[in-house]
Amino acid sequence: MSRVYFTDLRTNPKRSLLDKIEGLLDRIKTKERIKKSDLVALKLHFGEKGNIAYLRPVFIRRIADYVKKLGARPFLTDTNTLYSGSRSDSINHYNTAIYNGFDYASTGCPIIIADGIRGSNGIKVPIEGEVLKEVSIAGDILNADSLIAITHFKAHELSGFGGALKNLGMGCASREGKLIQHSTVAPKINHDSCKGCGLCTGYCSAKAIEVLEKKASIDPEKCIGCGECIIICPFKAIEIQWNESPDIFQKKMVEHAAGVLKGKEKRSIFINFLMQISPACDCYPNNDAPIVRDIGILASIDPVSIDAASCDFVNDEESLPNTAIKTVLKKGEDKWRALYPSIDWKIQLEHGERMGLGERMYHLIKV
């Protein structure tokens, strides 16, 4: 069984929470996975504007400082979103990160948005997946020597929960990869919003878009699913068709995680923060009340085990009153199913194990 290290949130004047984070990095033998002069991607979520459930920059600073002590070169990174929001292109994304406190003065690290200015910097990675045979991953994450996935653990409306596997599979995918995970068909034009300006036609590398009778039209036979037109349109007239089932979505997400870790199997580390565990994705412009109390921080070299352990920790808690979970649940009751009854959240863990990313069974060690 893989080892998962856990620290609770109790501290004293001689041992702060930041010290405990460093202790976790010691226990998982970070220095054996990150070598001197490595370019180290610290993969996190900078938070959407209005959503304050993101991890505190000071936590990231301690991890970055630890990496620097090893002689490596860390950078903070994420990828642009598929939807139009405050992180849909690198300029807005970078400004949002600064707005939320992730500047150089706070973290001691530069920020690199890994999939380029408009999310088109993706590299195809061949995999042996059940659903996909290749995945599109952000170029600057693939080009990094090592990876530390730093995850705010929470619930999620498509996968039941969002942990290390989602941070890898969705968070490290290019826009094309994100679109493939969410949809089986080409984007569509909202003719009520389309002004027929033709801007999208110039950006479509597949020549799948043309303007007919003053309205844009997408040829689904030519569309390659890159998703670039979605962010280019100034009128937000090009829309994603969110039609993938939660079961297949989870499998595609995990298969993208496999693409991220290919070649980095022994150069990656995973840290899950079980704090302010919100009932929905961090990509909303708000965060609802936490569903359980703050629990602690976990670290592992196995993304499946750390997510399995994180799920168990949450389900072993009693839910808090006055949250998205309408009826207070006892310890041992399934919090994810209470939020999203139609989603089998165990699929991503099972598929991760089948893909060889890790094990669902784990050995928990308290630090």
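The values are calculated or read from the model by the stated rules, or taken from the named source; none is laboratory data. This one's a predicted model, so the numbers in the text were calculated from it and none came from an experiment. Heads up, the Cβs are rebuilt from the backbone with ideal geometry, glycines too, and the neighbour counts pull from every protein chain shown.
Restricting attention to region 218-251, the residues that are under 30 Å from Ala308 (Cα atoms) and either in a loop (DSSP other than H, G, I, E, B) or in contact with an Asp or Glu (Cβ under 7 Å, 6 or more places away or on another chain) (or both) total 6.
Residue-level analysis places Lys236 outside the set of residues that are within 19 Å of the chain's Cα centre (by Cα) and of a type in the set (Lys, Arg).
Is there a residue in region 167-174 that is closer than 27 Å to Tyr284 by Cβ and outside the structural domain of Phe75 (by TED's automatic domain parsing)? Looking through region 167-174, none of the residues is closer than 27 Å to Tyr284 by Cβ and outside the structural domain of Phe75 (by TED's automatic domain parsing). Of the residues in region 257-276, none is farther than 30 Å from Arg27 by Cβ and assigned by TED's automatic domain parsing to the domain that holds Glu130. Taking first residues from region 349-367 that are closer than 15 Å to Phe270 by Cβ and partners that are of a type in the set (Gly, Ala, Ser) and assigned to a strand (DSSP E or B), the Cβ contacts under 8 Å between residues at least 6 apart in sequence or on separate chains come to Gly358/Ser2; Glu359/Ser2; Tyr362/Ser2; Tyr362/Ser300.
Anything in region 331-367 that is among the hydrophobic types (A, V, I, L, M, F, W, C), farther than 18 Å from Lys154 by Cβ and at pLDDT below 95? List them, or say none.
Val367
Does region 82-92 hold any residues that are in a helix (DSSP H, G or I) and of a type in the set (Ser, Thr, Tyr), and which are they? Even if it seems obvious, please write down each step before you answer.
First pass over region 82-92, keeping only residues in a helix (DSSP H, G or I): 90-92.
Passing the criteria: only Ser90.
Looking at region 260-304, which of the residues that are under 14 Å from the mean Cα position of the chain (by Cα) and not hydrophobic (A, V, I, L, M, F, W, C) is surrounded by the fewest Cβ atoms within 10 Å (Cβ to Cβ)? Steps first, please.
Of the residues in region 260-304, the ones under 14 Å from the mean Cα position of the chain (by Cα) are 260-261, 270-273, 280-284, 303.
Adding the requirement that they be not hydrophobic (A, V, I, L, M, F, W, C) leaves 272, 282, 284, 303.
Working: Asn272: 27, Asp282: 20, Tyr284: 15, Pro303: 30.
Restricting to residues being under 14 Å from the mean Cα position of the chain (by Cα) and not hydrophobic (A, V, I, L, M, F, W, C), the top hit is Tyr284.
Summed over region 93-126, the residues that are part of a loop (DSSP other than H, G, I, E, B), more than 18 Å from the chain's Cα centre (by Cα) and crowded, with 19+ Cβ neighbours inside 10 Å give a count of 1.
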